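Undergrad: One structure, as C-alpha cells, below. Some questions next.
The values are calculated or read from the model by the stated rules, or taken from the named source; none is laboratory data. A quick note: this is a predicted structure, and the numbers were derived from the prediction, not measured. Neighbour counts are summed over all protein chains in view; Cβ atoms, including those assigned to glycine, are modelled from backbone coordinates with ideal geometry.
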Amino acid sequence: MTKYFVHRICMFLSVLLIAQGLSAKSYIISPLSTPRQEMLDIDAESCNESCLWDLYHSGKLFSFVAKFDSKIKDQDLRAKLTETLNALGFFMRDNFFEKIQDSKKIKIALLVPKDIVGRYSAIGINTILAYLTSRDITFAFEVFDSKNEEAQNIRQTYEEIKQKKFNCIVAMLTTEGVENLLKESSISLPTYIPTVNRNQISIASIPDKLFFGGIDYREQIEILASLSKDEEIVEYDDASAIGANLAFLAQRENLNIILQETITNERAARFSQEIKNQEKKLAGRSVLLNIPVIKTGLILPQIGFLEDKPLMFLSTQINYNPSLLMLLKPKDRENFYVISSIGKTNSYLVEYGLLLGSDLQYDWVSYSIGIGTEMLFLKYANKVSKYFSEVLENSQVKYHNRIYKTLKNNFEEIKPEELFKSIQKQKELRLERLKTLEGQNEYDNNKVLHQENDEEDDQEGEIYTSEDN
C-alpha cells in the first residue's frame, strides 16, 4: 500500500511539473536589439548650416533630418531639428550630439516672492529639478524667497544670489516685480522671467542679460479675432487680473461685441437662471470665453440646453486644461476652440516632470520654466540636444500658437483652413435647422387656423339648425 501510494505521488508530481513546464514563461532577455528608426542620407554631398536652412525653408524635411550633422552647433537649427522630429513622429538618439564630459557645474537660483506667486513657487522648483535631473549632470540649485515684490526686497535677494556665486537666475515675478527689479538692480547675471511677456513691460530699455518667457495673450486674442472677424460676439469675462487683461486685449481688437458680461463665482453658479435673458443674443453667435476652466465648466452645460445654440466657443490658453474634458460632456463642448502656446518636448522630461508635480503638457508656466532652464543650461553645455524647439527673439521666447478642438478625451490640433470650413458648415446647418423650424411653425400655424375655421363652421351650422327649428 505504501509502495503504491508513493508511486501515485511520484506520478502526480511528474504530471504537475510537465504542466508547469508547458505553461512556463521565459524571462531570458532577448539578444536581439530593439527596433529603431533611421533616416538614411542617399546623397554623398555634405550640407553646412546654410544648406540646412535652405532645406528647412523649402519644406524638404526628410532631407533636412538626413543631412543634419551631430557637430552642428547652431542652437536655432537644433531647435528646428527637434521641432521637425516631433512633427514627423521620430525620436532623437540620446547620444546624437556629443556629451560634455568636462562641463562646468551649473549653479542656478530660483527667485520667488512666495507671498505673491503662491503655489507657482513649487511649480518652479519641480520643473527646474525635473529638467536638471533628466540631463544627468552635476548642478547646484537653491531657492531664494523675497517674500513680496517690493523694490528693496527684490534688490536684496538679487544681491544675495550674486554674492553666493550663482551662474544664472530664474525669477518668477509679475510685471510689477520685473519693473522694480529693473529700477533697483543691475542685471549682471543671465536672468529669465518665465511668467511675464516682454510686451507687458513699459520700460523701453531691456538689459542684454534679461530674458522673458511669458506667453503672448495679445497674439492669441488676435488669432481669435481673425476667426470671428465677421461674427457678432458674446463675451464672458472674469474679474481676475488675467480676465481683466484679456478683456482689455479683446477691446483693442474692435470686435463686434453685442453682449459683454463679467462672470463672478455667484453668477456662474446660478447661470441657469440668467440664460433665458441671453438666449436670443447667444443664438448663432460666437462666444469668447475669458474665464477660467471651472466657470467654463459651469456655464457651458446651461448654454447646451438652448434650442438655438451659439455658432462656436473661443478661448485662449486659459481654457487649455485637461479638467475641461472632465467637467464638460462632449456634446457641451462641440465647436469649442482653444489656443495654446505649449509645444512638444522630450517625452522623458514630461514623465519626469509629472513625477515631481510639474505638467509640461498643459501648464504654460511649467513649460516656460523648462524652456528657460534649458536656455541657461545650454550656455554651459552647447553640444547637447535640445528638448524644446522654441527660440529667443528680441529677448523673448517665440511661441508657436496652435488652435485645438476637443475630442472625447483629449485636445486635437486643427488647422485654420479646416476650422474655417467647419465654421461655414455650422452656419449652413443652422440655416437648414431654422428653415425646417420655420416651415414647421408655419405648418402648425396653418393647422391651428384650419382648426379654428372648422370650429367656426361647426358653430354656424349649429346656429342655422336652431333657426330652422
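Undergrad: Restricting to segment 343-363, name every residue that is assigned to a loop (DSSP other than H, G, I, E, B), out of contact with any Gly (no Cβ under 9 Å at 6 or more places or on another chain) and closer than 15 Å to THR82 by Cα.
TA: GLY343, LYS344, ASN346
Undergrad: Return yes when GLU418 is acidic (Asp, Glu) and over 14 Å from the mean Cα position of the chain (by Cα) and no when it is not.
TA: yes
Undergrad: Identify the single condition in (1) within 30 Å of ILE125 (Cα to Cα); (2) within 15 Å of the chain's Cα centre (by Cα); (3) modelled with pLDDT of 95 or more that LYS344 does not satisfy, given that it satisfies every other one.
TA: Condition not satisfied by LYS344: (3).
Undergrad: Right, another one. Return yes or no: is SER389 surrounded by fewer than 20 Cβ atoms within 10 Å (Cβ to Cβ) and either small (Gly, Ala, Ser) or in the same structural domain as VAL293 (by TED's automatic domain parsing) (or both)?
TA: Answer is no for this residue.
Undergrad: (1) on the phi > 0 side of the Ramachandran plot; (2) assigned to a helix (DSSP H, G or I): which one isn't true of ASP136, the others all being true?
TA: (2)
Undergrad: Is there any pair linking a residue in segment 142-162 that is more than 14 Å from GLU184 (Cβ to Cβ) to one that is of a type in the set (Asp, Glu), with Cβ under 6 Å and at least six apart or on different chains, and which?
TA: Cβ pairs passing all conditions: LYS147/ASP115.
Undergrad: Within segment 265-291, restricting attention to residues that are in contact with a helix residue (DSSP H, G or I) (Cβ under 6 Å, 6 or more places away or on another chain) and of a type in the set (A, V, I, L, M, F, W, C), which residue is surrounded by the fewest Cβ atoms within 10 Å (Cβ to Cβ)?
TA: Looking at the filtered set, the residue picked out is ILE275.
Undergrad: Right, here's the next one. Report, by residue number, each residue of segment 160-202 that is of a type in the set (A, V, I, L, M, F, W, C), under 27 Å from the mean Cα position of the chain (by Cα) and outside any strand (DSSP E or B).
TA: Once the filter is applied, which keeps residues that are of a type in the set (A, V, I, L, M, F, W, C), under 27 Å from the mean Cα position of the chain (by Cα) and outside any strand (DSSP E or B), segment 160-202 yields MET172, LEU173, VAL178, VAL196, ILE201.
Undergrad: Also, I was wondering about something else. Mind checking which helices (runs of 4 or more DSSP H) fall wholly inside segment 220-322 and carry at least 3 residues that are farther than 24 Å from ASN197 by Cα, touching an Asp or Glu at 6+ places or on another chain (Cβ under 7 Å) and touching a residue at least 12 places away in the same chain (Cβ under 8 Å)?
TA: 293-304
Undergrad: Among the residues of segment 368-404, write down those that are among the hydrophobic types (A, V, I, L, M, F, W, C) and under 20 Å from ILE169 (Cβ atoms).
TA: Scanning segment 368-404 gives ILE369, ILE371, MET375, LEU376, PHE377, LEU378, ALA381, PHE388, LEU392, VAL397.
Undergrad: Consider PRO190 carefully, then state whether it is modelled with pLDDT of 95 or more, surrounded by fewer than 22 Cβ atoms within 10 Å (Cβ to Cβ) and of a type outside the set (Asp, Glu).
TA: Yes; evaluated as a whole, the condition is true for this residue.
Undergrad: So which residues in segment 329-341 are part of a loop (DSSP other than H, G, I, E, B) and touching a residue at least 40 places away in the same chain (Cβ under 8 Å)? Don't jump to the end; show me each part of the working.
TA: In the first step, residues of segment 329-341 are kept if they are part of a loop (DSSP other than H, G, I, E, B); the result is 329, 334-335, 341.
ASN335, SER341 - these are the residues of segment 329-341 that are part of a loop (DSSP other than H, G, I, E, B) and touching a residue at least 40 places away in the same chain (Cβ under 8 Å).
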